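So the structure is just underneath, and the comments pick up after that.
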Amino acid sequence: MATAGPPARPLSPRALYQDVAERLRQQIFARQLEPGSWVDEMKLAAEFGISRTPLREALKVLAAEGLVTMKLRRGAYVTEVSRDDVSQVYHLLALLESDAAAAVAVQADEGQLDLLRQLHARLEKQVRQRDAFFATNEQFHMALLDIAGNRWALQMVQDLRKVMKLN
């Protein structure tokens, strides 16, 4: 008979800087913070009702994702994406996603393939609905990467897709 272990600890709430990073991320995607614009830490800290410490931690997260660029003694700026950047990111996405597709072709079970078929069918129906199509397209590719099981490729693609939203 198995003995019960210690009671499970409840999950800790997300750290404040993570919530701040998500809020900033959404402002960047919505163009409330424009590409190339300086991030006014004092203004944002006051707007969010927080100190600058969690804001700075959030900016480090966004810098690691490529959404902001930190400049020595000048602060953070929303990253600007050039045509060359877009071309290079698409190239990397193609490499990572095609590698995932090859892995899925070899290892996916019928349930996983069915999920991909369903997403593909939705894509075909949404071909003239731009926003819905792109949302489903992202779901399809993320499912492909998830099924492939390479967490490093999945993380890279998630970050690269965030950068593409700056375009």
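The values are calculated or read from the model by the stated rules, or taken from the named source; none is laboratory data. Note that the coordinates shown come from a computational prediction; the quantities given were computed from them, not determined experimentally. Here the Cβ positions follow ideal geometry from the backbone for every residue, glycine too, while neighbour counts run over all protein chains shown. Heads up: the accessible areas ignore ligands, DNA and RNA and are worked out on the full protein's heavy atoms, side chains in. Shrake-Rupley method; radii C 1.70, N 1.55, O 1.52, S 1.80 Å.
Some observations on this one:
- Among the residues making up segment 68-87, those that are open to solvent by less than 30 Å² (accessible area, probe 1.4 Å) and over 12 Å from Ile28 (Cβ atoms) are Gly75, Val86.
- Against the list (1) aliphatic (A, V, I, L, M); (2) out of contact with any helix residue (DSSP H, G or I) (no Cβ under 8 Å at 6 or more places or on another chain); (3) in contact (Cβ under 8 Å) with a residue 60 or more places away in the chain, the condition Ala63 fails is (3).
- Selection count where residues are closer than 22 Å to Val86 by Cβ, in contact with a helix residue (DSSP H, G or I) (Cβ under 7 Å, 6 or more places away or on another chain) and not polar (S, T, N, Q), scope segment 128-165: 17
- Some residue of segment 66-86 being free of Cβ contacts under 8 Å to residues at least 60 places away in the same chain, closer than 30 Å to Lys43 by Cα, in contact with a helix residue (DSSP H, G or I) (Cβ under 8 Å, 6 or more places away or on another chain) and of a type in the set (Val, Ile, Thr): yes
- Any pair with Cβ under 7 angstrom, 6 or more apart, that starts in segment 15-33 at a residue that is of a type in the set (Val, Ile, Thr) and ends at one that is in a helix (DSSP H, G or I): Val20/Phe48; Val20/Pro54; Val20/Leu55; Val20/Ala58
- When Met70 is tested against the conditions (1) aliphatic (A, V, I, L, M); (2) under 30 Å from Leu16 (Cα atoms); (3) assigned to a helix (DSSP H, G or I), the lone failure is (3).
- Top-ranked residue in segment 21-67 [being of a type in the set (D, E, K, R) and assigned to a loop (DSSP other than H, G, I, E, B); ranked as most open to solvent (accessible area, probe 1.4 Å)]: Glu34
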